[in-house]
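Engineer: Just passing along the structure, written as C-alpha cells.
The values are calculated or read from the model by the stated rules, or taken from the named source; none is laboratory data. Every value quoted in this text rests on a predicted model; they were computed, and no experiment measured them. Positions of Cβ are generated from backbone atoms using ideal geometry, with glycine treated the same way; all protein chains shown enter the neighbour counts. These accessible areas exclude ligands, DNA and RNA; they are computed on the full protein's heavy atoms, side chains included. Shrake-Rupley method; radii C 1.70, N 1.55, O 1.52, S 1.80 Å.
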Amino acid sequence: MNNRGYFGELWFGAKSLLIGLNVTIKELFRPIVTVQYPREECEITPNYRGHVELVFNTETGGCDCIVCGMCAKACPSDCLVVKGEKKEGEKRKSLTLFSLDFTKCSLCGSCVETCPKGALDYSQDYNIAGFTREEFHYDLIERLERRHQQPLAAAAGGN
Amino acid sequence: MENLAENRTAYTDLEPATDIPNENHYYLNMGPQHPSTHGVLRVLLEMDGEYVVDPQPVLGYGHRMQEKMAEHKNWMAFMPNTGRMDYAAALPYNHGYVALFERLCGIEVPARAEYIRVITSELNRIVSHHLWIGAMLLDMGAFTPILYTFDDREQVLDILEDVTGSRLTYCYFRVGGVCKDIDDKFVEKTRAFIKRQRERFDIYNKLVTGNIIFIKRTEGVGVISPDMARRYGVTGPVLRGSGIAYDVRKNEPYSVYPNFDFEIPVGRNGDSYDRYMVRLLEIEQSLRIIEQALDQLPEGSFLGKAPKKMKMPTGDCSFSVEAARGELTYYLVSGGGDIPYRLKIRVPSYSNLSVLPELCQGMLLSDLVAAMGSMDLVIPEIDR
Amino acid sequence: MHPATEKLVSALQDLSISVEACDYQQRGYHFEIDLEADKLRPLAECMLAREMFLGFVGGLHVKPAVEIIYQFASFERACRIVVRVPVAGDNSMPTISDIFQGANWHERETRDFYGVNFTDHPNLKPLILAEEDVDLKPLLKKDEDLKGATEVRWAVPVEEKPEVEKAEQG
Amino acid sequence: MPPELLRMIIAAVLVVAFVFLNAMILGYMERKVSAHIQRRPGLMEVGPHGVLQLIVDGLKLIGKQLVVPEGSNKFLFRLAPVLSFAPCVLPFVVLPFARKLQIVSMDISLIFILAMTSINVIAILVAGWASNNKYSLFGTFRSVAQAVSYEIPMLLSILSIILITSTFSLQGIIAAQKYYWFILIQPLAFIIYFISGLAETNRAPFDMPEAESELTAGFHTEYSGMGFSFFFLAEYANMFTVCSIATVLFLGGWKGIPLPLGDYTGIFWFMLKVYGLLFVMIWVRWTYPRVRFDQLMTFCWKYLIPFSLANLLITAVLVKLI
C-alpha cells in the first residue's frame, strides 16, 4: 500500500482528510440522537428484567406463593429467603417472609423460571440507587402491599 | 534500537524495578489505571526513550476465580457467570456453556431455539465490534467515531434488551433452548437495523478506514506472523488478520451455522490495520448470517425438554464456539452429579494478549497503544 | 479422516504414543492421548511441526496425582486433541513454553492454581494471583471431594475390554 | 496619573479580561461543536444551553487545590503555569483589532508576537520536567521537538507574505491587502501556516504533548486547580493568537463590508474571521485520530518545509519580476 510515491501520498492524504471533514460537518447539522436523561426518559421495554417482584393476584387479593422454596434453591447466589408458617385450619403454609438481597442478585431469572405457580415476575424498576447496602435488602411482601396499598389477604396462597 | 530488541530472547521476564538491566532504560507503569488499557490491565514497560524494550502484562486485577466458582455450584447456577467474563459479547459465552451440557447429556435443541441463538449471538458479535472500533479509535486519539459506533450499538442493544431483558451481561440461553421467544417486532427491528448498519458503513469508511492518519498509524504496526500466531494460540479476528481463515463456526460447525452462507474475512499482513478491516468485514458477514437466519426462521418451540434435575454422565467434554474475540472453549470434567468436577475455560483474549511481549518489543509507545487497541482486549475475560 | 490428521496420528504413533479416536459428537474432541511426562516434549514438538496450535493448558486434581490437560487444535481442519499427563511424584512437569510460547502463561496459571512446578519454565511467578498468594493453590480439591482419575472418565463400553495400561493407572 | 499610564492600565486589564473571556467562549464552543458533531446536545445544565457552564467550571478550578507531587521541584512546578500564562497575554497588546483598536503600534509587531508565542515551549518544558512524572516528561520531549520543528515552516510561510508587503507591521500588512486578501495569491502559505499553527498550539491531530490515550495527560498530568487552568487559558489564548495572525496575514484583518464608526467596528470582522478559523481548528480536532510522533516530524521535514521553501522561492522571484 506504500507505493503511492511522494505526491501520490500527499494527494491521497489530503483527499482522505477532506472526506473526513465532510463527514463531521454533515453530522454537525443533523439532529441529536441522545436522550437528556433526567428530563426525558427512555421507554423501557416491557421485557426488561429488573429485580424480582411478587405477582399480585387480583382474584385472591394476595400472592400465589406456596412457600415451596424452589426459587431460593435455584438462586445461584442465595439472595432469596422465603419463609412461611402453617396456620391452623389451612392446608398449606402461608407466606410470612420473602426477602431479596439485591446486592447479590445477578438477574439471571432462575427463580422466576423455576416458580411452579408463576408467583414471581421481574420488576420494571431500573432507577435503582442508594447510599447503603441495606437499601437493597428488599422485603418483597411489603413492596407488594405498598404497590397495592392494602395488606395481603389473610388467605394468601391458601387456596 | 533494533539491536536492543534483537539481543533479547524471544521472551524475557519481569525484573524487580530496582534491577534495571541497562542504565539507560527505565520502567513505566502503564495501568492499572490508564486510558488505553481498557479496564484493569497493567503493562510494565521497560523503556528506552520512547521505545518499548520489554512490555510485560501484569494480570489478575479483575480476577474472580470463575473456575473455582463453577466447581461449587450446580451447572445452572454458574450460568449467569458466563455472561460476566466477556461483558462485551456475553451471548457466545452463554452459547458455549449451554451447548457444552447439551453435548454432554445428549439433549436435543429445537431448531427454532438454535436459530434464535445464532441471531442473538451474531447481534452480540456486532455490538462487540462496534464497541471495539470506537475504543480503538479512542486509543488513537479520535473521539468522534466511538459516539457514531455507540449510536449503532444502541440500536442493537435495544433489540437485544427487548428479548433478553438486559443490555450487557446476558443470561439468555438455557440448556435445551432459550428462555424467551422472539416475536415479529424483533424480526422487524432486526431487519431495520441490518438496513441501517449497511448504510452506516459509509461513515466508518470515510471517517476511519480511508483516513490517511489512521492508515499511517496502523499499517505495519504490530505484525503477527502466521507462525507466531500458531505458537501463541492466537485466535479470532487477530488471527484472521494474519491471513489464516480459522473460524470455529466453519472449522467445527456448531448450532445451525452450516445452514448459512458466509465468508471468513482474512487480512494479508497481520498488522493492526488488517485486524481492523477483518472486524469491519465481519460485521457485514454477521449481518448476512442474521438475514439468512431470519429468512429461514422455523416455527416451533423455543425451549426443548431438559430435565429439571439433570444428572451428568461421568466423563469429559469440550465445546468450542467462536466468541467475538476468538475461540472460546469450555472443557468440562464431570464426575457425575450436577456439579462440574472441573470446568476449564479457554478464553481467547488470554492467548491473544500473551503475544504482546514478543509483538511489541522495540516499538514506539504510541504503536504499543495502537497494537494493543487492535487486539480487542476485554480484561475481565482474561482474568476470569 | 483428513490426510493431514492421519499423518499426525502416524507421526505420534512413531513416537510410541497411543492415540485413541473419540466420538466427536459426544465429547467435542477427536482424539485423546494419555501420556507419561517424559513424552510430553516430543509430543509438543510433533504437534508444532504438524501445524497444530495449543488451545489451553489446564490442571485437573484427581487421585493419585494432579493431571495436566493440554488441548491442541488445528487452524486448517477439524482436529482437536486432548492430552492428559499426570504430574510426576515431585509435583513437577516439563515445560513446553519454549515450543509453544502460548503455554507460558497457561503454565504459570496452572502453577498458581495447582502448585505444579514446571521445570525449566523461564519465569514461574504468579501471573493471575498476587505475589503474596504464591501458596494458595485454589483449585486443589479437599480430600472428601477428590475423585480418582478413572472416576472422571467416560465409562469404557462393555464389549471393549479395558486396556491393560488403564487398569494399572486406576 | 499621566494619561498614557492610565491608558496602559486600562488596556492591560482589558487584555487579561479578554484572555479569560476568550477561553470561556472557546471552551464553550469546543464543547458545543464537539457535542453536535457527535450528535449529542452538549452543555445544557447551567444557564440557557449551558452558556454559564464555563463560569462554574472556572470557579471550580479556582477552588481546587494545586497538589504539588512528592519529589517534584516545587519552585519550578509552581512557576510553570505562570510562565505559560504570562507570555501568551502579551501578543494581544499589538494585535490590530480594528483600524484604531490597537494598544501599541509597533513596526515589528509580527516579530514580537512570534517571539512571545515561542516562550510557551519553555513553560511546557519546565512543567514536564518539574513534575517528576515519566508521562509528563514524555509530553515535554515531544512538545519541544514539535514546537521547534514547526516553527520553521510557520516562519517560512509568513516570510513569503513579508516579501510582498516589505513590512513587519500588522497594520501595514492589512493595508497592503487593499484590493484582495493574500489567501488568494498565497493559498499554499496559508495552508502551511494553518497546519503549523495547529502543531504550535498542540491541537489535535498534533496534540502530542497531551496525547491522553498514551500519556494520560502529558505535560500537565500532575497539575490540578489553577495550575491546570493556567495551561488551559494559555492554550486557548495561543490558539486565538495564531488565528488572528492568520487573519491579519491572509484574510485581510479587520477589513470587511464597511460598518459605521469604521475605525473601531472593524473588530466585528476581525473577530468573525478569527473565530471562523478557530471553528475549523475545533472541527479538525473532532475528526481525526492523532498522528504518531515520528510521523509528525516526517510530515514537517518532508512535506511542509520543502513546500514552504519552494513557495518562498517562487514568491521571491515573482516579487522581483513584478
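Engineer: If I ask for residues that are within 16 Å of the chain's Cα centre (by Cα), open to solvent by less than 70 Å² (accessible area, probe 1.4 Å), hydroxyl-bearing (Ser, Thr, Tyr) and within 11 Å of another protein chain (Cβ to nearest Cβ), which ones from the stretch A:96-146 would you list?
Structural biologist: The answer is A:Ser106, A:Ser110, A:Tyr122.
Engineer: Looking for whichever is of a type outside the set (Asp, Glu), within 11 Å of chain A (Cβ to nearest Cβ) and open to solvent by less than 40 Å² (accessible area, probe 1.4 Å) here; the options are B:Phe201, B:Phe193, B:Phe186, B:Phe150. Which one fits?
Structural biologist: Checking each option against the conditions leaves just B:Phe186.
Engineer: Here are D:Ser72, D:Ser105, D:Ser109: which of them is within 30 Å of D:Ile173 (Cβ to Cβ) and open to solvent by less than 20 Å² (accessible area, probe 1.4 Å)?
Structural biologist: D:Ser109
Engineer: Here's another thing I want to ask about it. In the set D:Val126, D:Val144, which member is assigned to a helix (DSSP H, G or I), hydrophobic (A, V, I, L, M, F, W, C) and surrounded by fewer than 19 Cβ atoms within 10 Å (Cβ to Cβ)?
Structural biologist: Answer to the selection: D:Val144.
Engineer: Please enumerate the residues belonging to the stretch C:82-93 that are more than 10 Å from chain B (Cβ to nearest Cβ) and either under 15 Å from B:Arg346 (Cα atoms) or crowded, with 19+ Cβ neighbours inside 10 Å (or both).
Structural biologist: Answer for the stretch C:82-93, where residues must be more than 10 Å from chain B (Cβ to nearest Cβ) and either under 15 Å from B:Arg346 (Cα atoms) or crowded, with 19+ Cβ neighbours inside 10 Å (or both): C:Val83, C:Val85, C:Pro86, C:Val87, C:Met93.
Engineer: With the condition kept exactly as written, say whether any residue in the stretch C:67-75 is among the acidic types (Asp, Glu) and at pLDDT below 85.
Structural biologist: no
Engineer: Looking only at the stretch D:276-301, how many residues end up being more than 8 Å from every other protein chain (Cβ to nearest Cβ) and more than 19 Å from the chain's Cα centre (by Cα)?
Structural biologist: 4
Engineer: Now a separate question. Looking at the stretch C:10-28, can you tell me whether even one residue there is within 13 Å of another protein chain (Cβ to nearest Cβ), in a loop (DSSP other than H, G, I, E, B), open to solvent by 10 Å² or more (accessible area, probe 1.4 Å) and of a type outside the set (Ser, Thr, Tyr)?
Structural biologist: Checking the stretch C:10-28: at least one residue is within 13 Å of another protein chain (Cβ to nearest Cβ), in a loop (DSSP other than H, G, I, E, B), open to solvent by 10 Å² or more (accessible area, probe 1.4 Å) and of a type outside the set (Ser, Thr, Tyr).
Engineer: Here's a follow-up. Exactly one of (1) more than 14 Å from every other protein chain (Cβ to nearest Cβ); (2) crowded, with 21+ Cβ neighbours inside 10 Å; (3) part of a loop (DSSP other than H, G, I, E, B) is unmet by D:Glu210. Its number?
Structural biologist: Unmet for D:Glu210, out of (1) more than 14 Å from every other protein chain (Cβ to nearest Cβ); (2) crowded, with 21+ Cβ neighbours inside 10 Å; (3) part of a loop (DSSP other than H, G, I, E, B): (1).
Listed here are the residues, each with its yes/no results for (1) within 19 Å of D:Ser109 (Cα to Cα); (2) not in a helix (DSSP H, G or I).
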{"residue": "D:Pro153", "(1), (2)": "no, no"}
{"residue": "D:Leu159", "(1), (2)": "yes, no"}
{"residue": "D:Ile162", "(1), (2)": "yes, no"}
{"residue": "D:Thr167", "(1), (2)": "yes, yes"}
{"residue": "D:Tyr179", "(1), (2)": "no, yes"}
{"residue": "D:Leu184", "(1), (2)": "no, no"}
{"residue": "D:Leu188", "(1), (2)": "no, no"}
{"residue": "D:Ile192", "(1), (2)": "no, no"}
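Engineer: Out of A:Gly13, A:Gly89, A:Gly61, which single residue is surrounded by 11 or more Cβ atoms within 10 Å (Cβ to Cβ) and either under 25 Å from B:Leu157 (Cα atoms) or at pLDDT below 80 (or both)?
Structural biologist: A:Gly61
Engineer: Out of D:Met44, D:Met106, report the one residue that is touching a Phe, Trp or Tyr at 6+ places or on another chain (Cβ under 8 Å) and part of a loop (DSSP other than H, G, I, E, B).
Structural biologist: Unique residue meeting the criteria: D:Met106.
Engineer: Take A:Lys26 and tell me if it is of a type outside the set (A, V, I, L, M), open to solvent by 60 Å² or more (accessible area, probe 1.4 Å) and within 10 Å of another protein chain (Cβ to nearest Cβ).
Structural biologist: Yes.
Engineer: Within the stretch D:220-232, how many residues are under 17 Å from D:Cys88 (Cβ atoms) and either open to solvent by less than 10 Å² (accessible area, probe 1.4 Å) or not hydrophobic (A, V, I, L, M, F, W, C) (or both)?
Structural biologist: Number satisfying all stated conditions: 4.
Engineer: Among the residues of the stretch C:128-150, which ones are farther than 26 Å from B:Gly62 by Cα and part of a helix (DSSP H, G or I)?
Structural biologist: Once the filter is applied, which keeps residues that are farther than 26 Å from B:Gly62 by Cα and part of a helix (DSSP H, G or I), the stretch C:128-150 yields C:Ala149, C:Thr150.
Engineer: Another question about this same structure. Scan the stretch D:307-322 for residues that are over 24 Å from the mean Cα position of the chain (by Cα) and of a type outside the set (Lys, Arg) and report the count.
Structural biologist: Adding up the residues that qualify gives 10.
Engineer: Name the residue, out of D:Ile183, D:Ile173, D:Ile191, that is buried (at least 23 other Cβ atoms within 10 Å of the Cβ) and of a type in the set (A, V, I, L, M).
Structural biologist: Exactly one of D:Ile183, D:Ile173, D:Ile191 is buried (at least 23 other Cβ atoms within 10 Å of the Cβ) and of a type in the set (A, V, I, L, M), namely D:Ile173.
Engineer: Select from the stretch D:28-39 the residues that are more than 16 Å from A:Thr34 (Cβ to Cβ) and buried (at least 19 other Cβ atoms within 10 Å of the Cβ) and write down the one among them that is farthest from the other protein chains (Cβ to nearest Cβ).
Structural biologist: Once the filter is applied, the top-ranked residue is D:Tyr28.
Engineer: Across the stretch B:34-59, which residue is farthest from B:Pro340 (Cα to Cα) among those that are in a loop (DSSP other than H, G, I, E, B) and open to solvent by 20 Å² or more (accessible area, probe 1.4 Å)?
Structural biologist: B:Gly49
Engineer: Right, next: Do you know which residues across the stretch B:285-297 are in contact with a helix residue (DSSP H, G or I) (Cβ under 7 Å, 6 or more places away or on another chain), more than 17 Å from B:Ala111 (Cα to Cα) and open to solvent by 20 Å² or more (accessible area, probe 1.4 Å)?
Structural biologist: Selection gives nothing.
Engineer: Out of B:Gly141, B:Gly165, B:Gly177, I need the residue that is in contact with a helix residue (DSSP H, G or I) (Cβ under 9 Å, 6 or more places away or on another chain), on the phi > 0 side of the Ramachandran plot and away from chain D (no Cβ under 14 Å). Which one?
Structural biologist: It is B:Gly177.
Engineer: Answer yes or no: is there a residue in the stretch B:205-214 that is within 11 Å of chain A (Cβ to nearest Cβ), under 21 Å from B:Ile264 (Cα atoms) and open to solvent by 40 Å² or more (accessible area, probe 1.4 Å).
Structural biologist: yes
Engineer: I need the full set of residues from the stretch B:39-81 which are closer than 12 Å to B:Ile382 by Cα and away from chain A (no Cβ under 14 Å), in order please.
Structural biologist: B:Gly39, B:Val40, B:Leu41, B:Pro57, B:Val58, B:Leu59, B:Gly60, B:Tyr61, B:Gly62, B:His63, B:Met65
Engineer: Also, quick follow-up: Looking at (1) within 23 Å of D:Ile162 (Cβ to Cβ); (2) in a loop (DSSP other than H, G, I, E, B), find the lone condition where D:Phe92 falls short.
Structural biologist: Only one criterion in (1) within 23 Å of D:Ile162 (Cβ to Cβ); (2) in a loop (DSSP other than H, G, I, E, B) is unmet by D:Phe92, namely (2).
Engineer: Hey, any hits in the stretch D:256-267 for a residue that's surrounded by 24 or more Cβ atoms within 10 Å (Cβ to Cβ) and either at pLDDT 85 or above or in contact with a helix residue (DSSP H, G or I) (Cβ under 7 Å, 6 or more places away or on another chain) (or both)?
Structural biologist: Checked against the condition, which is being surrounded by 24 or more Cβ atoms within 10 Å (Cβ to Cβ) and either at pLDDT 85 or above or in contact with a helix residue (DSSP H, G or I) (Cβ under 7 Å, 6 or more places away or on another chain) (or both), the stretch D:256-267 yields no hits at all.
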